[in-house]
Amino acid sequence: WVPLQLLGLYQAAALVALQDARALSRIELAGRSSALVLGCGSLLAFGRALFPFLLAVIAADALVAALGARRLAEVSPTTPARRRQAVAFFRFAYRLGLRAYPPLLLGFLLIKSDVLVLRLMRGASETGVYSIASQIVDVALILPTTIGALVLASVVRSERPASELLRAMRPAALAVGGLALGMLAFGHWAILWVFGRPFVGAYPALVLLLPAARKGFGWDLL
C-alpha cells in the first residue's frame, strides 16, 4: 500500500507544479468516490471482514495512481532518455519516501492519540461517539489543506511570497471560517440525521474541537 500512496503523492506534486488544478481535483474526487463506493460495497458484501475492505481501499489508491499516470503522460510526452531519468528518480524518491514514512506515521498516531487514549480510559462506546466529532473535523480540514496545496506554486514563484500567501489565503480563511460556523450551527442536526439519536453526544465534542482546529482552518491569516 505504501508505494501506491507515495506514487499518488508524487503525481499530485507534479500536477500542482504544472498548475493543473482541474485534473488534480478530478483525480482526487474519483479516488475518494471510488474508495467510498468500494468500501461500502465490501462492508455490504463481506460484513466486518477486514481483508476485503483493505483490498477495496487499495484498489481505490491504485485507480488514483493510474489516473495520475495517464494525465502526466498526456501533458508530458516522454522519450527513452526521459523514461530512464524517471525510473532513476522514482527509485531515489521511493527510498527517500520509505525513510520519511515512519515519522509521518508517528505524526498520524500523535494526531489520533486522543481517540486512542479515550479508548483506553473510557471504552469503545464513548470512543465511538467522540470519533464522529473527530472525523468531522478531519474532513473539514481537507478544504484548507487542498487550498494550500493549490496556491503553493503561485506563492513560490511570486517575488513577494508572504504578500502572495496572504492575498490567496484571506478569502480561503473566510470560507473555512464560515464552514466552521456552519458546523457549529447545524452540526447537532446533521449528526442526528446521519447517525441517529444515540450519537448526538458527538456534538458537544465537536464544539470543543472547533477552537482546537483554529490553525487548521487558517483563521490566523485574517
Kindly provide the set of residues from the range 127-143 that are of a type outside the set (Val, Ile, Thr) and either within 18 Å of the chain's Cα centre (by Cα) or open to solvent by 80 Å² or more (accessible area, probe 1.4 Å) (or both), ordered by number. SER131, ALA133, SER134, GLN135, ASP138, ALA140, LEU141, LEU143
Cβ pairs under 8 Å, 6+ apart, first in the range 41-60 and touching a residue at least 24 places away in the same chain (Cβ under 8 Å), second open to solvent by less than 70 Å² (accessible area, probe 1.4 Å) and outside any helix (DSSP H, G or I): none
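Hey, can you tell me all the residues within the range 90-126 that are more than 25 Å from PRO3 (Cα to Cα), open to solvent by less than 80 Å² (accessible area, probe 1.4 Å) and of a type outside the set (Ser, Thr, Tyr)? Steps first, please.
Here is the first cut: in the range 90-126, the residues more than 25 Å from PRO3 (Cα to Cα) are 113-126.
Now narrow it down to the ones that are open to solvent by less than 80 Å² (accessible area, probe 1.4 Å): 113-115, 117-118, 123-124.
Within the range 90-126, ASP114, VAL115, VAL117, LEU118, GLY123, ALA124 qualify.
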For the range 135-222, which fully contained helices (runs of 4 or more DSSP H) count at least 1 residues that are at pLDDT below 75 and over 24 Å from SER25 (Cα atoms)? 202-212, 214-217
Scanning the range 110-144 residue by residue, those without any contact (Cβ under 8 Å) to a residue 24 or more places away in the chain and either among the β-branched types (Val, Ile, Thr) or within 21 Å of ASP20 (Cβ to Cβ) (or both) turn out to be ILE111, VAL115, VAL117, THR127, VAL139, ILE142
Given the condition surrounded by 14 or more Cβ atoms within 10 Å (Cβ to Cβ), over 30 Å from LEU18 (Cα atoms) and of a type in the set (Asp, Glu), answer yes or no: does some residue in the range 164-177 qualify? no
Could you check ALA56 against (1) aliphatic (A, V, I, L, M); (2) surrounded by fewer than 15 Cβ atoms within 10 Å (Cβ to Cβ); (3) touching a Ser or Thr at 6+ places or on another chain (Cβ under 6 Å) and say which number it fails? (2)
Looking at ALA86, is it open to solvent by less than 60 Å² (accessible area, probe 1.4 Å), touching a Ser or Thr at 6+ places or on another chain (Cβ under 8 Å) and modelled with pLDDT under 80? yes
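The values are calculated or read from the model by the stated rules, or taken from the named source; none is laboratory data. Model, not experiment: these values are computed from the prediction. We place every Cβ from the backbone using ideal geometry, glycine too, and count neighbours over all the protein chains shown. The accessibility values were calculated without ligands, DNA or RNA, using every heavy atom of the protein model including side chains. Shrake-Rupley method; radii C 1.70, N 1.55, O 1.52, S 1.80 Å.
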